[in-house]
Ligand code: HEM
């Protein structure tokens, strides 16, 4: 019909063509202008951009690209501009930039509603959710002795279970995962929680697709035919269903009871805000809880796995830490987080593990909410912005022999103090810094000291210790970590 109209009226057709040409030229000029202003970087293909060239260990590739294009470079992925910031000074500047606090407009998990959790939100709703979450978690125990006591009880049970293995090789990754998950569960649900799946699975596809959130829908479609990918979506669904059951139980508790955990606090906040139009609702509660659970359990577990790997690789460091235990805590009393101040080598060992493992080598994506600049590099509105922590933690200008595991680098000259370098940024920084950093550090210290207070750890005889990792958002040890726990005879 429209075509017939055009055929019979050539003036109308000409006007249409002229409009289309103007529109195309305008878009082309905008496109070229934006491209000219963006930091330089590698070229890709039409439509998909650089996506087909992204390698499995993308963080290593990004670090290499920075050597060629400079500390801040960019590339296209579909319609997204991706800006990667690789140098510590530039990242520190970006931490302070309020225009870089937003997240991409898509979800991190294929097939899930976008931006409905605090981890994925931007702007005012994110501020509200984060403020309330931190207040609740502080009130129910974050940074308080009561919570530390509960973590210590969990560790006690964990140590007992290792003792009952009677020296048989234990799959450390499997047992530590459950113990760490119990700690975060206490904070969220007020008690342990039965869930053995992992939300962020060992799926290497993610290392690529995370660069192009706009195609997450297609990843979701692909997930229907790929059993590994399907597991991520079904694990997330299962976790959220279990959380829903928890929420219902919490609602059934007496309205007057004290706030004991995150769900209690959130329900109370929802009640307070029920008449105003806010972001506090059941869906967000479920998603926030699931995110806290995944962000809190998976990450700490991964670092503890890497820590165990370095303990069995370098038994001499076990001895050094045990020497500090002997001088400060002894072998009877359970450690307190406070003991860290008199255990410099132990803290240096933890810092070095966080540096060398860099379990999250490329930060959770940020988005520029406005046109902005970092170190005079222009970042247009709605670019995906990635901080490359790997590049910082392996920068030879910041660390001697960055590829070697050397805890001593975090000690002062006479070895009496652990010095946390400002170049160590595993928890990110600025207003969107990981809210669980202190809790994670407490756990790392208490698990490490408790294990070495009770056991000498080693790989099974004849086993080749593997440092191989796979990359799927996080750097995950490729092979199960089999460990012998020999009870210390003192
Ligand atoms: C060693 C363990 C951990 C590491 C290495 C780690 C690292 C990170 C990183 C790099 C971010 C991104 C921050 C940004 O966007 O700039 C993050 C965010 C987050 N982390 Fe952690 N984290 C750890 C443990 C925890 C724990 C124990 C919890 C909870 C108790 C937690 C909860 C979160 C949450 C909720 C966010 C999102 C914050 C937001 O978007 O505002 N993390 N974490």
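Taken together, the criteria exclude residue 439 from residues that are modelled with pLDDT of 95 or more and within 16 Å of the ligand (Cβ to nearest atom). Is it the case that residue 450 is buried (at least 19 other Cβ atoms within 10 Å of the Cβ), farther than 28 Å from residue 364 by Cβ, over 22 Å from the mean Cα position of the chain (by Cα) and modelled with pLDDT of 95 or more? Yes: the conditions hold for residue 450. Among the residues of region 65-98, the ones that are within 16 Å of the ligand (Cβ to nearest atom) and either free of Cβ contacts under 8 Å to residues at least 60 places away in the same chain or under 14 Å from residue 43 (Cβ atoms) (or both) come to 1 in all. Of all residues in region 28-56, exactly one satisfies the criterion of being on the phi > 0 side of the Ramachandran plot and exposed (fewer than 13 other Cβ atoms within 10 Å of the Cβ), namely 47. The set of residues in region 392-421 that are more than 25 Å from residue 301 (Cβ to Cβ) and within 16 Å of the ligand (Cβ to nearest atom) is empty. Of the residues in region 381-391, at least one is surrounded by fewer than 18 Cβ atoms within 10 Å (Cβ to Cβ) and assigned to a loop (DSSP other than H, G, I, E, B).
The values are calculated or read from the model by the stated rules, or taken from the named source; none is laboratory data. Keep in mind that what you see is a predicted model, and the values were worked out from it rather than measured. Here the Cβ is made from the backbone with ideal geometry for all residues, glycine too, and neighbour counts use every protein chain on show.
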